[in-house]
């Protein structure tokens, strides 16, 4: 096969706020594998003010680790520091990159009704990888002068304007345009160009929007993202956001003009520039790719120091949603987790007594020294308890946002819909979820993988049968942009090198009395042994089943419970193993309740942690 038609060697980088990460992907023995990785400090800020320096340093580490040759047609940089892509045997065939440096993509969105077109605009912006700084809507109860002041002061990278169904009233859309025009906002990264504004609203209001905003902003008009109450059409708006991210935001960030000329790869047999993609959009891209290739529903989370991102692909239409919980993180935002969850909710996961002031001091120390890691076992347990609450509340916010379209049963004008106050029902269904993926330092770098599994189960409370996995080195962004030129390469590396499969969680759902059988399981293991047990309510079981291994299982829920086949219905299925194994969880779902009395709760926590082999024995005595 001609070298031009075959991706044999690919470099992918992710330019983060603090670190630029590079990976080398090679075609080996008929499949794509990630072979080496390198990283270096991101150099988008002073004193270097050139993102390509960090890229060069990260890729140079790849060269040294891979022991590749330093000739002109090797995986190297030529004299003018342009990434060398050649047809030579030692060259690379593609270079792709993502970026969240400089704060990522920051947007403001507007709509007519906050819970309808406003939410649709927010979904479009978040799905495109943006941080949504604010949602301005006609019915958000702020005075016009407050809205104008807000638009003027925030200085986003761009604004997405939505509002109205096609052919509907234009009054409120026109009012929003007048507010934006009156604010005359300036972009965050400089005042030498006009702020990009995307209009994706009522098509009959386009002339009004053009007349009001064309002279003051860089106005782009695209298809209505809510053409009818029954349908969302987010694709065109998201595409425009990506285009403007490249043309305006990246063009203003130091060094990105140069980097944009480096990213190349084969598309339909031709070498073309591959746009740099916002990091969160790339994560969404790989999740959608995996969901579609395997016909599964996927939920992912990335918990960081300042924010927690939740991504999901649900329903047969593979509807993608992303939320950013901007004040839930484990270092800069750790005090916000305490304020949101409350002290009692954090302490309910701690299997020992701790003085309240000691806990508060630990949290404050983490906030002012965000790069520190726990030095004692007790500190690790506390940090993981806080992580469970951060994940839980980020997931609650995600479920509230990932909803069906509101108003679709009521055919009426947008102007008549102000009385509606709530969105549709969430499309997040934990019973149909196939794969739960966790990433972020507290999950990916937990001393024991069992701790990562425990945090994910306690925070998300998966239902039925769910596979659990960890993104070991947060490779998802690079693979997401790689999927633009090769879904096969991205999917193979994602499954074989990016994910560490922990195993499967099996959890019946429904109310049951504590002294009743919650699950009868018969599991035939690949070593010939059979696990067979009637498990009472409130228990955990851990069954070893390795990576790549499967077991045949007959699962029968207790009376009134559901394991995935319906209430009281037995299910025959195949269970997938991992580095942790199979976790049978009969502690209850809908509701899941931890006892409030410490003398009951603490022994229970110790018992469960011991079963999961989450911590050393000395802390569980």
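Every number here is computed from the coordinates shown, using simple stated rules; none is lab data. None of the values given here were measured: they were computed from a predicted structure. Cβ coordinates were reconstructed from backbone atoms using ideal geometry, including for glycine residues, and neighbour counts include every protein chain displayed.
Before moving on, here are some points about what is shown:
- Computed helical MRE - 222 nm, the chain, DSSP H runs ≥ 4 contributing -39500 (n - 2.57), nearest 500: -9000 deg cm²/dmol
- Here the gap between residue 377 and residue 29, fully extended at 0.36 nm per residue and compared with their Cα-Cα distance, gives a gain of 121.0 nm.
- Which of 511, 186, 316 has the fewest Cβ neighbours within 10 Å, and the rest in rising order: 316, 511, 186
- The residue 243 and residue 166 beta-carbon pair, evaluated with R₀ = 22 Å, returns a calculated FRET efficiency of approximately 0.45.
- Rough spin-label spacing in nm, given labels placed 7 Å along Cα→Cβ, for residue 271 and residue 539: 6.3
- DSSP beta bridges in the stretch 492-621 [antiparallel fraction, %, rounded to 5]: 85
- As a proxy for reagent exposure, 146, 247, 492, 270 were ordered by neighbouring Cβ count within 10 angstrom, fewest first; the result is 270, 146, 247, 492.
- Cα gyration tensor category, rounded, prolate or oblate, for the stretch 516-581 with a/c compared to 1.5: prolate
- Annotation: extensible slack from residue 45 through residue 400 equals 124.2 nm (criterion: 0.36 nm per residue apart, minus Cα-Cα distance).
- Cβ crowding within 10 Å, taken as a proxy for footprinting-reagent exposure, orders 357, 444 from fewest neighbours to most as 357, 444.
- 14 Å cut-off, amide nitrogen to a point 7 angstrom out along residue 204 Cα→Cβ, residues in the stretch 149-176: 164-174
- Put the Cα centre of the stretch 42-63 next to the Cα centre of the stretch 232-269 and the gap is 20 Å.
- Global form of the stretch 467-564, assessed from the alpha-carbon gyration tensor, a/c cut-off 1.5: prolate
- The distance from the alpha carbon centre of the stretch 347-393 to that of the stretch 501-546 is 31 Å, rounded to a whole number.
- Value of relative contact order over the chain, rounded to a whole percent, pairs C-alpha under 8 Å and six or more apart: 11
- Sequence ranges 451-459, 294-302, ranked by mean other-Cβ count within 10 angstrom, highest first: 451-459, 294-302
- The stretch 211-324: relative contact order as a whole-number percent, Cα under 8 Å and 6+ apart: 12
- Between residue 432 and residue 332, the contour length at 0.36 nm per residue exceeds the Cα-Cα span by 32.6 nm.
- The chain - share of DSSP beta bridges that are antiparallel (%, nearest 5): 65
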